[in-house]
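Undergrad: Let me give you the structure first, and then I'll get to my questions.
The values are calculated or read from the model by the stated rules, or taken from the named source; none is laboratory data. Quantities reported herein were computed from a predicted structural model and do not represent experimental measurements. Neighbour counts are summed over all protein chains in view; Cβ atoms, including those assigned to glycine, are modelled from backbone coordinates with ideal geometry. Side chains included, ligands, DNA and RNA excluded: accessible areas come from the protein's heavy atoms. Shrake-Rupley method; radii C 1.70, N 1.55, O 1.52, S 1.80 Å.
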Amino acid sequence: MQKFLKSNSFKLRLAKINDALFLYKIYNNNVKENNFFNTKPVLFKNHLTWLQEKIKKKCILIIYADTPIGYVRIDKLNSKKFSISIAIQKNYKKKGIAKKALLKAINRIKVKKA
């Protein structure tokens with residue numbers, strides 16, 4: 001049964017290495033469903049190496065309520081450009097969560113810059 005979640009009843013936190021399996025699964029599920037530009041699933045070993053680097057850069061935020069439901073990743077390309085990736089678990093999609101999570105993530109970045 002799908003858990004009901006109001007689009008504003010979630011929080012964001014920085015990703016940790018404990019999130020590796022969750023991030024791996026959600027990424028590869030989105031690849032399978034053709035939701036990403038990349039069409040090849042990633043190997044877990046390669047994912048761990050990639051994740052460790054992203055954790056150091058503090059650029060992945062986990063969207064969670066009681067458990068993780070998605071992520072927002074913001075990579076700085078240069079002083080004025082960013083690359084943004086958002087993924088939400090299938091049963092939480094179409095509830096406005098991604099949009100609100102992106103706004104929360106942007107506000108969090110602005111606070112850190114100030």
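Undergrad: Just one of the numbered conditions (1) surrounded by 12 or more Cβ atoms within 10 Å (Cβ to Cβ); (2) in contact with a helix residue (DSSP H, G or I) (Cβ under 7 Å, 6 or more places away or on another chain) is not true of ARG108; which one?
TA: (2)
Undergrad: In addition: Scan the range 15-54 for residues that are open to solvent by 50 Å² or more (accessible area, probe 1.4 Å) and among the aliphatic types (A, V, I, L, M) and jot them down.
TA: ILE17, LEU21, LEU43, LEU48
Residues are listed down the side, and each one gets a yes or a no for (1) touching a residue at least 40 places away in the same chain (Cβ under 8 Å); (2) in contact with a helix residue (DSSP H, G or I) (Cβ under 6 Å, 6 or more places away or on another chain); (3) of a type in the set (Val, Ile, Thr):
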site: ASP19; (1), (2), (3): yes, no, no
site: TYR27; (1), (2), (3): yes, no, no
site: ASN34; (1), (2), (3): no, no, no
site: THR39; (1), (2), (3): no, no, yes
site: HIS47; (1), (2), (3): no, yes, no
site: ILE62; (1), (2), (3): yes, yes, yes
site: ILE69; (1), (2), (3): yes, yes, yes
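Undergrad: Counting only residues that are surrounded by 14 or more Cβ atoms within 10 Å (Cβ to Cβ) and at pLDDT below 90, how many does the range 66-81 have?
TA: Residues in the range 66-81 being surrounded by 14 or more Cβ atoms within 10 Å (Cβ to Cβ) and at pLDDT below 90: 0 in total.
Undergrad: Considering only residues of the range 1-14 that are surrounded by 12 or more Cβ atoms within 10 Å (Cβ to Cβ) and of a type in the set (A, V, I, L, M, F, W, C), which is modelled with the lowest pLDDT?
TA: Top of the filtered list is LEU5.
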